[in-house]
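Remarks on the structure that follows.
The values are calculated or read from the model by the stated rules, or taken from the named source; none is laboratory data. Fair warning: this is a prediction, and the values are worked out from it, not measured in the lab. Reconstructed Cβ throughout: ideal geometry from the backbone, glycine too, with neighbour counts over all protein chains shown.
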Amino acid sequence: MAASSRAQVLRLYRALLRESQRFSSYNYRTYAIRRIRDAFRENKNIKDSGKIEELVNKAKANLEVIHRQVFSWRALISSIFQGSMRGRGWRKQ
C-alpha cells in the first residue's frame, strides 16, 4: 500500500473511532467501536488497490452515517429535554 493511501486509511480509521465516541448510548458506542476495529483488522492485509479504494469509499459512507446518527440523536434528545422543561412550567400548581 502506498504511503499516501496508508495515511488516508489511518486518518479515516481515527475519524471513525472519534465520531463513534460521540454516541451518547454506551451500547451504540461500544458496538460501533468494536465493528470498526474488527473491520479494519479483517481487511488489513488487502493489497489490491481497487479493493482498498472500494473499502475506503464504504468507510467514508459509514462515517457520514455515524455522523448523521450522532447529530440526529443529540437533536432528538435536546428537543425532548427542552419540551419536557417547557411542560413543567405549565404544570406548576
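Worth a mention:
- Here Ser20, Ser49 are screened, and the one residue that is over 26 Å from Ile77 (Cβ atoms), among the polar types (S, T, N, Q) and in contact (Cβ under 8 Å) with a residue 12 or more places away in the chain is Ser49.
- Among the conditions (1) of a type in the set (Lys, Arg); (2) surrounded by 11 or more Cβ atoms within 10 Å (Cβ to Cβ); (3) at pLDDT below 85, the only one that Arg86 does not satisfy is (2).
Every residue, every condition in (1) surrounded by 10 or more Cβ atoms within 10 Å (Cβ to Cβ); (2) at pLDDT below 95; (3) within 11 Å of the chain's Cα centre (by Cα), yes or no:
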position	(1), (2), (3)
Ala2	no, yes, no
Ser5	yes, yes, no
Ile33	yes, no, yes
Asp38	yes, no, no
Lys47	no, yes, no
Lys60	yes, no, yes
Gln69	yes, yes, yes
Trp90	no, yes, no
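- Residues that are hydrophobic (A, V, I, L, M, F, W, C), part of a loop (DSSP other than H, G, I, E, B) and out of contact with any Lys or Arg (no Cβ under 6 Å at 6 or more places or on another chain) within segment 1-59 comprise Met1, Ala2, Ile46, listed in sequence order.
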